[in-house]
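The values are calculated or read from the model by the stated rules, or taken from the named source; none is laboratory data. Not measured: the values here are computed from a predicted model. Glycine also receives a Cβ, built like all others from the backbone with ideal geometry; neighbour counts cover every protein chain displayed.
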């Protein structure tokens, strides 16, 4: 059991858990760091002490939580007859107190309900897997007991993922969502690449440094992909046995919830959620990439994204004034309709040729895009009939390729594609390349993906509709000399493989 625990905790480190959380989880004796919060349990210890520090008219207490077991802290603020709001916190033992910078202001016009989710803050830790699905059931039970709903739910980080799951699984409870820097929507490999490598922005850099920076980031991505491609995945044991979670992780709720979060598939939620969604994101978020916000804004049926320049993962604490302005606007106004997508247009389309360019950006409509030896190339809202990529590092966002025989032909390259459509007899042909596809749709009259030399495909909340398979696609897979069949069982690649390196 100790061996499994050590491997699970190592996997949590790769998945982007904070260093302090890992240190606490792996220590043989409990670690008591100096509290860095004013109202958290580490500082105040008891609910009675917490109550003395909150406004007198706020109602606060522990109550039985029958879904997972134990007790859960529930806090209410604001007029009883006001429109209700539910606040859902993210990872970390601060729990609901992460919302304190904005909670009093929200309570002027709303009946605010905030909780410490099971395992967090002042709530007890149940012997259970703390997945978004299970935590959404906990919130549904709370709303049923309080006879509240439908209401607006505001979720941050892990809590945003829980809020999305609550809206999808219990739509009668949720009228609208505000999603703040949601974590865990991407496949765990894609999420971990951001959490461990982060962003290497090249704006303002000397031209001579831009290509080495992009190559360094590419190498970091390759290393993370190799780690997740090792023959033994320690989290497989946990995924197959829910009863092991409390035995292996004990009261380590943050790691329990983090591993469960990155293991959950939100594909159906992202593409079909009926409720309106406002997205608020810190542009400098080092935990939940802005890419996730762009993906959700483009793929959720009714969504609008608002970003905060220079702000990280905790906008309610780092920029409370500006965050409140965005939040109150989201509570007043529905999301704006998504702009109409560009069509093919009239007249002959031109070709675009990129050879040896670094850090270039392109938009528009084209017949064919040919990209050779280009680094950090960014394509946004491009419409084309065919894209050919050779020996390049490319990012695509909102690109639509609607061709005849082959939509995307990529050789010896890395592609990061977000909310893109590839439509052809074959959607993608990959040869010795690495593809990270998030929120992408592949339509094909034959097989969607053909692979020549060994290639790595990481798919997050995507979809395939081809002659042999119709369904969601959320996996990390390595192929060589074959056609992609999402129904086939995953095979662990040899540790020495290095496609596209």
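Of all residues being outside any strand (DSSP E or B) and at pLDDT 95 or above in the range 393-412, which is farthest from the chain's Cα centre (by Cα)? Just the residue, please.
412
Among the residues in the range 334-352, are any surrounded by 14 or more Cβ atoms within 10 Å (Cβ to Cβ), within 27 Å of residue 311 (Cα to Cα) and free of Cβ contacts under 8 Å to residues at least 60 places away in the same chain?
Going residue by residue through the range 334-352, those that are surrounded by 14 or more Cβ atoms within 10 Å (Cβ to Cβ) are 335, 342, 349, 352.
Among the residues that remain, those that are also within 27 Å of residue 311 (Cα to Cα) are: 335.
If we keep only those that are free of Cβ contacts under 8 Å to residues at least 60 places away in the same chain as well, we get 335.
Yes - at least one qualifying residue is present in the range 334-352.
Would you mind telling me which numbered condition in (1) on the phi < 0 side of the Ramachandran plot; (2) buried (at least 24 other Cβ atoms within 10 Å of the Cβ) residue 421 fails?
Failing condition for residue 421: (2).
Looking at the range 135-158, which of its residues are over 25 Å from residue 316 (Cβ atoms) and part of a helix (DSSP H, G or I)?
Once the filter is applied, which keeps residues that are over 25 Å from residue 316 (Cβ atoms) and part of a helix (DSSP H, G or I), the range 135-158 yields 137, 141, 144, 145.
Which one is nearest to residue 328 (Cα to Cα) among residues in the range 122-137 that are crowded, with 23+ Cβ neighbours inside 10 Å and modelled with pLDDT of 95 or more?
Once the filter is applied, the top-ranked residue is 136.
Kindly evaluate residue 386 against the criterion of being out of contact with any helix residue (DSSP H, G or I) (no Cβ under 8 Å at 6 or more places or on another chain) and in contact (Cβ under 8 Å) with a residue 12 or more places away in the chain.
For residue 386, the condition - out of contact with any helix residue (DSSP H, G or I) (no Cβ under 8 Å at 6 or more places or on another chain) and in contact (Cβ under 8 Å) with a residue 12 or more places away in the chain - is met.
Against the definition (closer than 30 Å to residue 338 by Cβ, touching a strand residue (DSSP E or B) at 6+ places or on another chain (Cβ under 8 Å) and touching a residue at least 12 places away in the same chain (Cβ under 8 Å)), how does residue 268 come out, yes or no? Can you show your working first?
Numbers: closer than 30 Å to residue 338 by Cβ: yes; touching a strand residue (DSSP E or B) at 6+ places or on another chain (Cβ under 8 Å): yes; touching a residue at least 12 places away in the same chain (Cβ under 8 Å): yes.
Yes.
What pairs come up if the first residue lies in the range 280-302 and is within 22 Å of residue 317 (Cα to Cα), the second is assigned to a helix (DSSP H, G or I), and their beta carbons are under 6 Å apart, counting only those six or more places apart or on different chains?
Short answer, once both residue conditions are applied: 280/326; 281/290; 281/293; 282/315; 283/290; 289/194.
Of (1) within 22 Å of residue 418 (Cα to Cα); (2) in contact with a helix residue (DSSP H, G or I) (Cβ under 6 Å, 6 or more places away or on another chain); (3) at pLDDT 95 or above, residue 181 satisfies all except one. Which?
(2)
Looking at 382, 399, which one is under 24 Å from residue 348 (Cβ atoms) and surrounded by 24 or more Cβ atoms within 10 Å (Cβ to Cβ)? Steps first, please.
Details: 382 fails: surrounded by 24 or more Cβ atoms within 10 Å (Cβ to Cβ).
Testing whether each residue is under 24 Å from residue 348 (Cβ atoms) and surrounded by 24 or more Cβ atoms within 10 Å (Cβ to Cβ) leaves just 399.
All but one of (1) in contact with a strand residue (DSSP E or B) (Cβ under 7 Å, 6 or more places away or on another chain); (2) in a helix (DSSP H, G or I) hold for residue 122; which doesn't?
Against the list (1) in contact with a strand residue (DSSP E or B) (Cβ under 7 Å, 6 or more places away or on another chain); (2) in a helix (DSSP H, G or I), residue 122 comes up short only on (2).
Just a yes or no: is a residue in the range 283-303 over 22 Å from the mean Cα position of the chain (by Cα), closer than 26 Å to residue 402 by Cβ and in a strand (DSSP E or B)? Give the steps one after another, and end with the answer.
Initial filter on the range 283-303 (over 22 Å from the mean Cα position of the chain (by Cα)): none.
No, because not a single residue in the range 283-303 is over 22 Å from the mean Cα position of the chain (by Cα), closer than 26 Å to residue 402 by Cβ and in a strand (DSSP E or B).
Are any residues in the range 37-60 outside any loop (DSSP other than H, G, I, E, B) and either on the phi > 0 side of the Ramachandran plot or out of contact with any helix residue (DSSP H, G or I) (no Cβ under 6 Å at 6 or more places or on another chain) (or both), and if so, which ones?
Within the range 37-60, 41, 42, 43, 47, 48, 49, 51, 52, 53, 59 qualify.
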